[in-house]
Protein chains: 2
Amino acid sequence: MGRKFNQKYIISMVTKNQIKLISSLHQKKFRQSNQLFIAEGVKVIQELLDARFELEHIYETTPMFSGYSDDKISLISDDELKKMSALTVPNNCLGVFKIPPAKTFEERGLIVALDSVRDPGNLGTILRICDWFGISQIICSPDTVDIYNPKVIQATMGSIARVNCVYSDLLPILQKTNLPVFGTFMDGENIYKMDLPQEGIVVMGNEANGISVAIENAIKSKIAIPRFGDLQKTESLNVATATALILSEFRRKI
Amino acid sequence: MGRKFNQKYIISMVTKNQIKLISSLHQKKFRQSNQLFIAEGVKVIQELLDARFELEHIYETTPMFSGYSDDKISLISDDELKKMSALTVPNNCLGVFKIPPAKTFEERGLIVALDSVRDPGNLGTILRICDWFGISQIICSPDTVDIYNPKVIQATMGSIARVNCVYSDLLPILQKTNLPVFGTFMDGENIYKMDLPQEGIVVMGNEANGISVAIENAIKSKIAIPRFGDLQKTESLNVATATALILSEFRRKI
């Protein structure tokens with residue numbers, strides 16, 4: 001049965017087991033056992049295709065992607081998409097991609113290291129910010145949220161295709177690197193007045209607790225973003241906002 | 001009936017009509033007709049109390065706030081809180097506050113103007129960023145999301161107590177002000193190389209469309225945040241991130 005272009009005539013090619021597999025990919029353990037992840041919406045899917053992420057299958061409720069054989073694309077109903085989707089309000093297409101082999105990181109240039117960043121929206125936004133500032137490598141502690149979490153994929157808006165994320169224990173890397181290691185602390189040096197290099201590792205900490213004590217010992221240069229509001233009361237900055245402000249200071253002198 | 005400190009003995013003082021009123025405050029029209037808004041969680045409620053927002057009532061599932069008479073505080077069940085709450089996972093307390101009278105804005109210092117910012121999370125984050133950078137005034141176009149939207153209140157983390165938000169048509173203000181007016185555009189001047197003043201109005205645009213054409217005509221100084229990633233592909237920055245980067249450039253020279 002070929003692919004039909006009018007929803008009324010869909011002979012759905014999607015089985016209950018496929019829907020079950022795809023919705024299981026919302027969870028890390030099933031992404032890891034299947035080595036698959038999902039992305040939703042034309043824009044994100046197209047970015048991943050352009051970046052040569054290996055496509056497993058596209059499911060769409062209206063025909064949007066062309067040039068794929070029937071074993072790579074299926075027209076499905078809104079109800080079927082809703083069962084697969086990780087979004088509260090599903091889009092009109094969902095792509096299943098293979099998780100690419102983990103890359104190693106190269107000890108050069110400006111690198112961001114995340115010490116237990118837990119919120120998927122924050123990780124997605126940090127990837128987008130790194131992409132903007134031309135940072136191509138992020139090292140994530142093993143307890144940082146999974147980059148293939150559907151909420152991270154949606155928040156990156158395709159930046160995942162250009163920023164390499166490596167999961168690894170941070171401490172051995174920070175202890176043996178020859179690059180300068182920076183971390184943000186309340187009592188750090190004012191970044192606006194520092195002469196920042198173009199190479200180094202910038203460590204950003206957990207949303208609630210900041211940089212962990214073990215990692216703090218490996219930070220060679222403590223930095224701070226000056227605060228101009230009421231020092232007693234002003235809220236701390238969100239970790240993604242802080243990352244943007246710090247990277248801007250590193251880059252602005254180029 | 002007094003207030004009991006063990007949930008087993010709660011004689012609930014909350015009626016169905018109260019729950020209905022409170023959950024109606026999730027919507028702007030009912031916030032406006034009742035001149036009330038809600039805030040959830042000890043931290044946000046305490047910040048609003050400290051800032052002398054006028055309390056209507058606190059509902060809590062365990063005793064946390066003390067020193068209020070019974071007509072100002074009620075111990076309620078988790079189920080009752082769930083019916084009032086705007087959160088997916090309700091906290092353990094909800095405060096109802098009176099919307100304070102609208103303040104006027106003063107034409108001095110650094111001011112942020114928002115041209116149709118629609119996402120509550122973005123507005124909340126922008127308030128927090130303004131608070132950090134000591135910006136005490138925001139002018140919002142009438143179609144900007146309502147500052148008393150529960151999602152904005154949760155995202156501000158109390159900054160609403162320190163940053164004055166005025167809703168007003170932007171065009172007449174921008175046309176007659178003597179302050180310099182800045183706006184972010186792709187072809188604007190590199191902010192890293194500008195000599196920025198300590199007074200002015202910084203206009204930030206809508207998430208999808210940027211600054212509207214009508215407002216663009218009132219912008220005296222077009223500015224841009226330089227991008228270091230792949231110029232063809234990199235995603236644009238989120239409006240809250242862009243606001244942070246721009247305010248940092250204004251403030252860093254102090």
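Things worth noting here:
- Criterion applied to A:Ser236, A:Ser248, A:Ser221 was being surrounded by 14 or more Cβ atoms within 10 Å (Cβ to Cβ) and over 18 Å from B:Thr241 (Cα atoms), and the one residue passing it is A:Ser221.
- Residues located in the stretch B:229-244, provided they are under 21 Å from the mean Cα position of the chain (by Cα) and either within 8 Å of chain A (Cβ to nearest Cβ) or among the aliphatic types (A, V, I, L, M) (or both): B:Leu237, B:Asn238, B:Val239, B:Ala240, B:Thr241, B:Ala242, B:Ala244
- Number of positions in the stretch B:120-153 that are over 18 Å from B:Leu245 (Cβ atoms) and in a loop (DSSP other than H, G, I, E, B): 10
Conditions tested, residue by residue: (1) at pLDDT below 95; (2) in contact with a strand residue (DSSP E or B) (Cβ under 6 Å, 6 or more places away or on another chain); (3) farther than 20 Å from A:Glu106 by Cα.
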| site | (1), (2), (3) |
| --- | --- |
| A:Val145 | no, no, yes |
| A:Pro150 | no, yes, yes |
| A:Val166 | no, yes, no |
| A:Asp187 | yes, no, yes |
| A:Gly205 | no, no, yes |
| A:Ser221 | no, yes, yes |
| A:Phe228 | yes, no, yes |
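So that you can scan it fast, the table gives a plain yes or no per residue for (1) more than 9 Å from chain A (Cβ to nearest Cβ); (2) small (Gly, Ala, Ser); (3) touching a helix residue (DSSP H, G or I) at 6+ places or on another chain (Cβ under 7 Å); (4) not in a loop (DSSP other than H, G, I, E, B):
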position	(1), (2), (3), (4)
B:Cys165	yes, no, no, yes
B:Asp187	yes, no, no, yes
B:Arg227	no, no, yes, no
B:Ile246	yes, no, yes, yes
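- Residue within the stretch B:100-115 that is touching a residue at least 60 places away in the same chain (Cβ under 8 Å) and among the acidic types (Asp, Glu) present: yes
- Here A:Ala218 meets the list (1) facing chain B (nearest Cβ under 8 Å); (2) touching a helix residue (DSSP H, G or I) at 6+ places or on another chain (Cβ under 6 Å) almost entirely, failing just condition (1).
- The stretch B:33-92 holds strands (runs of 3 or more DSSP E) entirely within its bounds, and those carrying 1 or more residues that are in contact with a helix residue (DSSP H, G or I) (Cβ under 6 Å, 6 or more places away or on another chain) map to B:36-40.
- Just one of (1) in contact with a strand residue (DSSP E or B) (Cβ under 8 Å, 6 or more places away or on another chain); (2) surrounded by fewer than 13 Cβ atoms within 10 Å (Cβ to Cβ) fails for A:Pro63. It is (2).
The values are calculated or read from the model by the stated rules, or taken from the named source; none is laboratory data. Fair warning: this is a prediction, and the values are worked out from it, not measured in the lab. Don't worry about glycine lacking a Cβ; one is built from the backbone with ideal geometry, like all the others, and counts go over all protein chains shown.
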